[in-house]
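Below is one structure; the comments refer to it alone.
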(Lines give C-alpha, C1' and ligand atoms only; values in the text may rest on other atoms or scores of the structure.)
Protein backbone atom coordinates (compact mmCIF):
# COMPACT_ATOMS: atom_id res chain seq x y z
CA UNK A 1 0.00 0.00 0.00
CA UNK A 2 1.49 3.37 -1.05
CA UNK A 3 2.57 5.60 1.82
CA UNK A 4 1.32 9.12 1.89
CA UNK A 5 3.95 11.90 2.56
CA UNK A 6 3.88 13.37 5.97
CA UNK A 7 3.51 17.08 6.65
CA UNK A 8 7.26 17.42 7.25
CA UNK A 9 8.23 15.97 3.91
CA UNK A 10 8.54 18.05 0.78
CA UNK A 11 8.03 16.61 -2.61
CA UNK A 12 10.47 17.61 -5.37
CA UNK A 13 9.68 16.04 -8.69
CA UNK A 14 9.25 12.38 -7.90
CA UNK A 15 11.43 12.27 -4.80
CA UNK A 16 10.76 13.06 -1.19
CA UNK A 17 13.26 14.98 0.92
CA UNK A 18 13.39 14.27 4.57
CA UNK A 19 14.24 17.01 7.03
CA UNK A 20 18.11 17.25 7.62
CA UNK A 21 20.00 18.37 10.66
CA UNK A 22 22.09 21.67 10.45
CA UNK A 23 25.75 22.20 11.42
CA UNK A 24 26.55 22.17 15.04
CA UNK A 25 28.41 25.05 16.67
CA UNK A 26 31.53 22.92 17.01
CA UNK A 27 31.45 22.07 13.31
CA UNK A 28 31.12 25.76 12.42
CA UNK A 29 34.08 26.63 14.64
CA UNK A 30 36.21 23.90 13.08
CA UNK A 31 35.31 25.12 9.59
CA UNK A 32 36.15 28.71 10.51
CA UNK A 33 39.52 27.67 11.96
CA UNK A 34 40.36 25.65 8.86
CA UNK A 35 39.32 28.56 6.66
CA UNK A 36 41.42 30.97 8.68
CA UNK A 37 44.46 28.69 8.36
CA UNK A 38 43.99 28.48 4.59
CA UNK A 39 43.59 32.26 4.28
CA UNK A 40 46.65 32.81 6.47
CA UNK A 41 48.65 30.50 4.20
CA UNK A 42 47.47 32.33 1.10
CA UNK A 43 48.31 35.71 2.65
CA UNK A 44 51.74 34.52 3.80
CA UNK A 45 52.51 33.10 0.36
CA UNK A 46 51.34 36.30 -1.32
CA UNK A 47 53.36 38.45 1.08
CA UNK A 48 56.50 36.39 0.50
CA UNK A 49 56.01 36.60 -3.26
CA UNK A 50 55.59 40.37 -3.02
CA UNK A 51 58.78 40.72 -0.96
CA UNK A 52 60.67 38.43 -3.32
CA UNK A 53 59.44 40.44 -6.28
CA UNK A 54 60.49 43.70 -4.57
CA UNK A 55 63.93 42.32 -3.73
CA UNK A 56 64.54 40.93 -7.20
CA UNK A 57 63.30 44.14 -8.80
CA UNK A 58 65.74 46.22 -6.73
CA UNK A 59 68.62 43.86 -7.53
CA UNK A 60 67.70 43.85 -11.23
CA UNK A 61 67.51 47.64 -11.26
CA UNK A 62 70.95 47.87 -9.63
CA UNK A 63 72.36 45.43 -12.20
CA UNK A 64 70.85 47.27 -15.14
CA UNK A 65 71.97 50.56 -13.63
CA UNK A 66 75.62 49.57 -13.33
CA UNK A 67 75.67 47.75 -16.68
CA UNK A 68 74.20 50.72 -18.49
CA UNK A 69 76.65 53.07 -16.82
CA UNK A 70 79.61 50.80 -17.57
CA UNK A 71 78.59 50.51 -21.21
CA UNK A 72 78.46 54.30 -21.53
CA UNK A 73 81.84 54.74 -19.86
CA UNK A 74 83.42 52.08 -22.08
CA UNK A 75 82.06 53.59 -25.28
CA UNK A 76 83.35 57.04 -24.34
CA UNK A 77 86.78 55.85 -23.20
CA UNK A 78 87.28 53.86 -26.41
CA UNK A 79 86.92 57.15 -28.29
CA UNK A 80 89.35 59.02 -26.02
CA UNK A 81 92.06 60.60 -28.15
CA UNK A 82 90.20 60.18 -31.43
CA UNK A 83 92.04 62.53 -33.78
CA UNK A 84 91.60 61.76 -37.46
CA UNK A 85 93.34 64.94 -38.50
CA UNK A 86 96.39 63.96 -36.40
CA UNK A 87 96.43 67.34 -34.70
CA UNK A 88 97.84 65.81 -31.46
CA UNK A 89 95.42 67.92 -29.42
CA UNK A 90 93.28 65.07 -28.11
CA UNK A 91 93.72 62.46 -25.41
CA UNK A 92 93.61 62.05 -21.64
CA UNK A 93 93.60 65.46 -19.96
CA UNK A 94 93.61 64.54 -16.27
CA UNK A 95 93.26 61.63 -13.87
CA UNK A 96 92.19 62.89 -10.48
CA UNK A 97 90.46 61.76 -7.31
CA UNK A 98 87.08 63.30 -6.44
CA UNK A 99 85.10 62.29 -3.36
CA UNK A 100 87.42 59.36 -2.78
CA UNK A 101 86.83 57.92 -6.25
CA UNK A 102 88.55 58.07 -9.61
CA UNK A 103 87.74 60.87 -12.01
CA UNK A 104 88.94 61.19 -15.59
CA UNK A 105 88.77 63.95 -18.17
CA UNK A 106 89.59 63.33 -21.83
CA UNK A 107 89.00 64.74 -25.29
CA UNK A 108 88.02 63.28 -28.66
CA UNK A 109 87.48 64.97 -32.01
CA UNK A 110 84.02 63.48 -32.51
CA UNK A 111 81.75 66.40 -31.70
CA UNK A 112 78.38 67.05 -33.25
CA UNK A 113 77.65 69.05 -36.37
CA UNK A 114 80.64 70.62 -38.02
CA UNK A 115 82.86 70.12 -34.97
CA UNK A 116 83.78 66.53 -35.78
CA UNK A 117 87.26 65.84 -37.13
CA UNK A 118 88.28 69.47 -37.48
CA UNK A 119 91.39 69.12 -35.33
CA UNK A 120 90.13 71.64 -32.74
CA UNK A 121 88.93 70.88 -29.22
CA UNK A 122 85.38 72.20 -29.48
CA UNK A 123 82.75 72.82 -26.82
CA UNK A 124 81.29 69.30 -26.85
CA UNK A 125 84.51 67.30 -27.18
CA UNK A 126 85.75 67.24 -23.58
CA UNK A 127 84.20 64.55 -21.38
CA UNK A 128 84.62 63.98 -17.65
CA UNK A 129 83.45 61.13 -15.44
CA UNK A 130 83.33 61.66 -11.69
CA UNK A 131 81.32 60.91 -8.56
CA UNK A 132 79.01 63.37 -6.81
CA UNK A 133 75.88 63.50 -4.67
CA UNK A 134 73.27 64.38 -7.23
CA UNK A 135 70.41 66.60 -6.04
CA UNK A 136 68.17 64.72 -8.46
CA UNK A 137 68.45 61.41 -6.65
CA UNK A 138 66.00 60.33 -3.99
CA UNK A 139 68.89 59.20 -1.81
CA UNK A 140 70.92 61.81 0.02
CA UNK A 141 74.48 61.19 1.06
CA UNK A 142 74.91 58.46 -1.54
CA UNK A 143 77.25 59.17 -4.41
CA UNK A 144 76.16 58.90 -8.02
CA UNK A 145 78.11 58.68 -11.25
CA UNK A 146 78.17 61.83 -13.37
CA UNK A 147 79.00 62.33 -17.02
CA UNK A 148 79.92 65.86 -17.90
CA UNK A 149 80.49 67.52 -21.25
CA UNK A 150 82.93 70.24 -20.26
CA UNK A 151 82.88 73.50 -22.25
CA UNK A 152 86.31 75.07 -22.75
CA UNK A 153 86.73 77.62 -19.97
CA UNK A 154 83.13 77.14 -18.91
CA UNK A 155 81.55 76.18 -15.63
CA UNK A 156 81.24 72.53 -14.72
CA UNK A 157 77.77 71.09 -15.25
CA UNK A 158 77.60 67.51 -14.08
CA UNK A 159 74.77 65.39 -15.42
CA UNK A 160 73.53 62.36 -13.50
CA UNK A 161 74.40 59.14 -15.34
CA UNK A 162 73.68 56.48 -12.72
CA UNK A 163 72.34 56.55 -9.17
CA UNK A 164 73.62 54.58 -6.21
CA UNK A 165 77.16 54.02 -7.54
CA UNK A 166 79.14 53.64 -4.33
CA UNK A 167 82.60 53.25 -5.84
CA UNK A 168 84.21 54.11 -9.16
CA UNK A 169 87.85 53.30 -9.81
CA UNK A 170 90.13 53.32 -12.83
CA UNK A 171 93.63 51.91 -13.18
CA UNK A 172 95.85 52.63 -16.16
CA UNK A 173 98.24 50.63 -18.31
CA UNK A 174 100.82 52.59 -20.26
CA UNK A 175 103.61 52.47 -22.81
CA UNK A 176 106.47 54.49 -21.37
CA UNK A 177 109.24 53.14 -23.57
CA UNK A 178 107.43 53.63 -26.87
CA UNK A 179 107.69 50.01 -28.02
CA UNK A 180 103.97 49.85 -28.90
CA UNK A 181 103.09 47.40 -26.17
CA UNK A 182 101.79 47.80 -22.64
CA UNK A 183 104.58 48.00 -20.08
CA UNK A 184 104.97 44.97 -17.86
CA UNK A 185 107.22 43.78 -15.05
CA UNK A 186 110.12 42.27 -17.00
CA UNK A 187 111.38 39.97 -14.26
CA UNK A 188 113.29 37.74 -16.71
CA UNK A 189 114.91 40.69 -18.48
CA UNK A 190 114.54 39.14 -21.93
CA UNK A 191 114.70 41.43 -24.96
CA UNK A 192 114.46 41.03 -28.71
CA UNK A 193 117.07 41.92 -31.33
CA UNK A 194 116.04 45.59 -31.14
CA UNK A 195 116.40 45.69 -27.38
CA UNK A 196 112.67 45.73 -26.73
CA UNK A 197 111.46 43.74 -23.70
CA UNK A 198 109.86 40.37 -24.36
CA UNK A 199 106.87 39.50 -22.20
CA UNK A 200 107.26 35.97 -20.90
CA UNK A 201 104.71 33.86 -19.05
CA UNK A 202 104.11 35.23 -15.57
CA UNK A 203 105.22 38.76 -16.50
CA UNK A 204 102.12 40.87 -16.00
CA UNK A 205 101.01 44.27 -17.25
CA UNK A 206 101.48 47.17 -14.82
CA UNK A 207 98.19 48.75 -13.69
CA UNK A 208 98.96 52.11 -12.15
CA UNK A 209 97.23 55.03 -10.46
CA UNK A 210 98.07 58.57 -9.37
CA UNK A 211 98.23 58.69 -5.57
CA UNK A 212 99.43 62.25 -4.96
CA UNK A 213 97.20 64.21 -7.34
CA UNK A 214 99.95 65.51 -9.63
CA UNK A 215 98.39 63.95 -12.76
CA UNK A 216 101.25 61.43 -13.04
CA UNK A 217 101.04 57.68 -12.56
CA UNK A 218 103.17 56.74 -9.57
CA UNK A 219 101.90 53.51 -7.96
CA UNK A 220 101.26 49.95 -9.11
CA UNK A 221 98.14 48.20 -7.82
CA UNK A 222 99.32 44.66 -8.59
CA UNK A 223 102.42 45.00 -6.43
CA UNK A 224 102.83 41.23 -5.92
CA UNK A 225 102.83 40.75 -9.70
CA UNK A 226 100.42 37.83 -9.73
CA UNK A 227 98.24 39.30 -12.47
CA UNK A 228 95.29 39.86 -10.14
CA UNK A 229 94.39 43.02 -8.22
CA UNK A 230 92.86 41.91 -4.93
CA UNK A 231 93.25 41.97 -1.14
CA UNK A 232 96.65 40.27 -1.45
CA UNK A 233 98.04 43.53 -2.83
CA UNK A 234 99.02 46.54 -0.76
CA UNK A 235 96.05 48.87 -0.13
CA UNK A 236 96.36 51.94 -2.32
CA UNK A 237 99.19 50.43 -4.37
CA UNK A 238 102.97 50.56 -4.09
CA UNK A 239 105.24 53.22 -5.56
CA UNK A 240 106.56 52.38 -9.01
CA UNK A 241 110.04 53.46 -7.95
CA UNK A 242 109.95 51.14 -4.94
CA UNK A 243 109.17 48.27 -7.32
CA UNK A 244 112.13 49.26 -9.48
CA UNK A 245 109.95 50.74 -12.22
CA UNK A 246 109.99 54.11 -13.93
CA UNK A 247 108.07 56.60 -11.78
CA UNK A 248 105.77 59.53 -12.61
CA UNK A 249 104.34 58.38 -15.93
CA UNK A 250 102.53 61.22 -17.79
CA UNK A 251 98.95 60.71 -18.90
CA UNK A 252 99.81 60.94 -22.59
CA UNK A 253 101.43 57.51 -22.26
CA UNK A 254 98.21 55.82 -21.10
CA UNK A 255 97.10 53.11 -23.52
CA UNK A 256 94.50 51.02 -21.63
CA UNK A 257 92.20 51.35 -18.65
CA UNK A 258 90.65 48.94 -16.17
CA UNK A 259 87.39 50.07 -14.57
CA UNK A 260 85.65 49.00 -11.37
CA UNK A 261 82.10 50.12 -10.59
CA UNK A 262 80.16 49.18 -7.45
CA UNK A 263 76.39 49.75 -7.34
CA UNK A 264 73.90 49.13 -4.54
CA UNK A 265 70.15 48.64 -4.30
CA UNK A 266 68.05 51.65 -3.37
CA UNK A 267 66.80 50.00 -0.21
CA UNK A 268 67.53 47.05 2.08
CA UNK A 269 66.32 43.62 1.10
CA UNK A 270 63.24 42.23 2.88
CA UNK A 271 63.46 38.79 4.52
CA UNK A 272 66.64 38.12 2.60
CA UNK A 273 70.31 38.49 3.37
CA UNK A 274 72.07 41.25 1.53
CA UNK A 275 75.56 42.43 2.38
CA UNK A 276 76.38 41.07 5.83
CA UNK A 277 80.02 41.86 6.57
CA UNK A 278 80.76 41.39 2.87
CA UNK A 279 83.86 43.02 1.43
CA UNK A 280 84.51 44.47 -2.01
CA UNK A 281 88.00 45.16 -3.27
CA UNK A 282 88.06 48.51 -5.03
CA UNK A 283 91.60 49.39 -6.15
CA UNK A 284 93.06 52.57 -4.77
CA UNK A 285 90.26 53.01 -2.22
CA UNK A 286 90.94 53.42 1.46
CA UNK A 287 89.74 51.81 3.64
CA UNK A 288 90.54 48.75 1.61
CA UNK A 289 88.60 46.56 1.25
CA UNK A 290 85.20 48.22 1.55
CA UNK A 291 83.04 46.27 4.01
CA UNK A 292 79.26 46.66 4.30
CA UNK A 293 76.72 45.33 6.77
CA UNK A 294 73.44 47.02 5.83
CA UNK A 295 71.48 44.21 4.14
CA UNK A 296 71.54 45.98 0.80
CA UNK A 297 72.58 44.00 -2.26
CA UNK A 298 75.53 45.23 -4.30
CA UNK A 299 76.93 44.40 -7.69
CA UNK A 300 80.56 44.93 -8.67
CA UNK A 301 81.27 45.22 -12.37
CA UNK A 302 84.71 45.38 -13.98
CA UNK A 303 85.81 46.04 -17.54
CA UNK A 304 89.03 46.63 -19.47
CA UNK A 305 89.22 49.15 -22.30
CA UNK A 306 91.93 49.13 -24.94
CA UNK A 307 92.18 52.78 -25.96
CA UNK A 308 93.14 52.29 -29.59
CA UNK A 309 92.97 56.02 -30.31
CA UNK A 310 95.66 56.62 -27.68
CA UNK A 311 98.15 54.28 -29.28
CA UNK A 312 99.03 50.62 -29.72
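When 215, 277, 225 are screened for being in contact with a helix residue (DSSP H, G or I) (Cβ under 8 Å, 6 or more places away or on another chain) and on the phi > 0 side of the Ramachandran plot, only 215 passes.
Per-residue answers, yes or no, for (1) under 21 Å from residue 165 (Cβ atoms); (2) part of a helix (DSSP H, G or I):
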{"site": "59", "(1), (2)": "yes, yes"}
{"site": "62", "(1), (2)": "yes, yes"}
{"site": "75", "(1), (2)": "yes, yes"}
{"site": "81", "(1), (2)": "no, no"}
{"site": "84", "(1), (2)": "no, no"}
{"site": "88", "(1), (2)": "no, no"}
{"site": "105", "(1), (2)": "yes, no"}
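Could you identify the single residue in 67, 54 that is farther than 21 Å from residue 160 by Cβ, touching a residue at least 24 places away in the same chain (Cβ under 8 Å) and assigned to a helix (DSSP H, G or I)? Give the derivation first.
Numbers: 67 fails: farther than 21 Å from residue 160 by Cβ.
Result of the check over 67, 54: 54.
Here residue 71 meets each of (1) loosely packed, with under 14 Cβ neighbours inside 10 Å; (2) at pLDDT below 95 with one exception, condition (2).
One residue is enough: does the range 114-126 have a residue meeting the conditions under 20 Å from residue 301 (Cα atoms) and part of a strand (DSSP E or B)? Checking the range 114-126: not a single residue is under 20 Å from residue 301 (Cα atoms) and part of a strand (DSSP E or B).
Restrict the check to the range 94-101 and report whether at least one residue is in contact with a strand residue (DSSP E or B) (Cβ under 9 Å, 6 or more places away or on another chain), at pLDDT 95 or above and crowded, with 18+ Cβ neighbours inside 10 Å. Give the derivation first.
Pass one, the range 94-101, residues in contact with a strand residue (DSSP E or B) (Cβ under 9 Å, 6 or more places away or on another chain): 94-101.
Add one more test, that the residue is at pLDDT 95 or above, and what stays is 94-95.
From what's left, crowded, with 18+ Cβ neighbours inside 10 Å: 95.
The answer is yes; a qualifying residue exists.
When the range 151-175 is limited to residues that are crowded, with 20+ Cβ neighbours inside 10 Å and modelled with pLDDT under 90, the one that is farthest from residue 226 (Cα to Cα) turns out to be 163. For beta carbons closer than 6 Å, sequence separation of 6+ or different chains, a first residue in the range 265-284 that is closer than 17 Å to residue 54 by Cβ and a second that is modelled with pLDDT under 75 and exposed (fewer than 15 other Cβ atoms within 10 Å of the Cβ), the qualifying pairs are 270/51; 271/51.
Can we say residue 131 is under 18 Å from residue 305 (Cβ atoms) and touching a residue at least 24 places away in the same chain (Cβ under 8 Å)?
On the way: under 18 Å from residue 305 (Cβ atoms): no; touching a residue at least 24 places away in the same chain (Cβ under 8 Å): yes.
Considered against the rule, which asks whether it is under 18 Å from residue 305 (Cβ atoms) and touching a residue at least 24 places away in the same chain (Cβ under 8 Å), residue 131 comes out as no.
Only one of the listed residues (36, 62) is in contact with a strand residue (DSSP E or B) (Cβ under 7 Å, 6 or more places away or on another chain) and either surrounded by 10 or more Cβ atoms within 10 Å (Cβ to Cβ) or at pLDDT 60 or above (or both). That residue is 62. Of the residues making up the range 107-127, at least one is in contact with a helix residue (DSSP H, G or I) (Cβ under 6 Å, 6 or more places away or on another chain), modelled with pLDDT of 90 or more and closer than 22 Å to residue 260 by Cα. Return yes when residue 178 is surrounded by fewer than 17 Cβ atoms within 10 Å (Cβ to Cβ) and either out of contact with any strand residue (DSSP E or B) (no Cβ under 7 Å at 6 or more places or on another chain) or within 30 Å of residue 47 (Cα to Cα) (or both) and no when it is not. So residue 178 fits the description; yes.
The values are calculated or read from the model by the stated rules, or taken from the named source; none is laboratory data. Every value quoted in this text rests on a predicted model; they were computed, and no experiment measured them. No Cβ is skipped: glycine too gets one built from the backbone with ideal geometry, and neighbour counts run over all protein chains shown.
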